Amino acid sequence: MGRRIEDSLDARVETVLAAVAERALRCGTRAGLDALVREALRLTGATGAALYDGRTCVARAGHAAPVRACASTARRQALVVWPEPLGVSNQEVLRRLARFGGSLMAAHAREVDAGARQARLLEAKQRLERAVSHAERRRSRASHDLRTPLMVMKGYVDMMVKGTAGPLTPAMQRYLDRMQRVANDQGALIERRLAKNVDECVEDSRPLLRAAFLPSMRGGRSADVTMTLPDRPVALKGPRDSVELLIRTLARAVVSAGGAVSVRVEPAEDLGMWRLRVDARGSRTLTEKTTAVLQHLAQRLRGGLARPSEGGGELVVHLPADDTVPAALATQGA
């Protein structure tokens, strides 16, 4: 008979723990702690109960005033009821509930930490939003302050070019043409630097081309490569890593195939592109896999690739030009 009573008590405790866990899961660990203390009252028949974490009362229930944490429980987690139960079974119930209460308190501490982190993240997000809004207002003011005098200067230059201020000498015409070109470059530079969404670009890909196609030695032998580049920056739209990967992959493919290689870069203004011509006549034909890789890399940059014929020949790569980079950005010795 005693065994059946003990089994019944174990079953009730398990049911209570499951109900408390469900309450904590649905409503939070704070609600679970309160439910645990109430269930301790119900199971033991005490008039009051309190759950302590050291000397701190975490949760309590009952009508009477809670007892003080005694010296034996001041440095640990404990579930205390009053008046204290005399039965051994009630003591075992309290121990099991206290162990579960310790797990709930640890989960509650994690919830509090997570809430504090969330509050800090929200505050940081609001600070960033205010900073972005302030930067946008500054950008708008700077754009207006820079564009307004530039538009006035361009207007006067245009009028003088049209002869509004009288006939022009060749020297005056030359000076005005230079002023007009510089004003257009400056306007493009302002547009690029102060745009809301600045796309990635390579302002000048000529150093990349030289480094990829004209190394001093390749595999212990000199590479027979001739290169013709324009006298202005070859600005390309797209991330620098993607541009460099395409150029270096192309260089490895054509130079390692053997034979003389001719590289030429020219503008294709009607397409808004730069045209990269690579003539590797006399060398081995590129494999289908290599050609497919090059075509994929070119398409990633919103460009294209014209495959050479079966007997070899010229390989043409079209890459999108960035016309917002002024020609005045040409580096010394480029």
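The values are calculated or read from the model by the stated rules, or taken from the named source; none is laboratory data. Since the structure is predicted, the reported quantities are computational estimates derived from the model, not experimental observations. The protein model used for the area step is the full one, side chains on, heavy atoms only, and it has no ligands, DNA or RNA in it. Shrake-Rupley method; radii C 1.70, N 1.55, O 1.52, S 1.80 Å.
Assorted remarks:
- Residues Y52, Y175, sorted by accessible area with the largest first, give Y175, Y52 [1.4 Å probe; ligands and nucleic acids excluded].
- Under the Debye formula (equal points on every Cα, no solvent term), log10 I(q)/I(0) of region 114-214 at q = 0.10, 0.13 Å⁻¹: -0.57, -0.76
- Where the Cα pairs of region 149-208 fall when distances are cut into 10 Å bins, in %: 19, 37, 24, 17, 4
- Region 8-56 and region 131-152: distance between their alpha carbon centers, rounded to Å: 63
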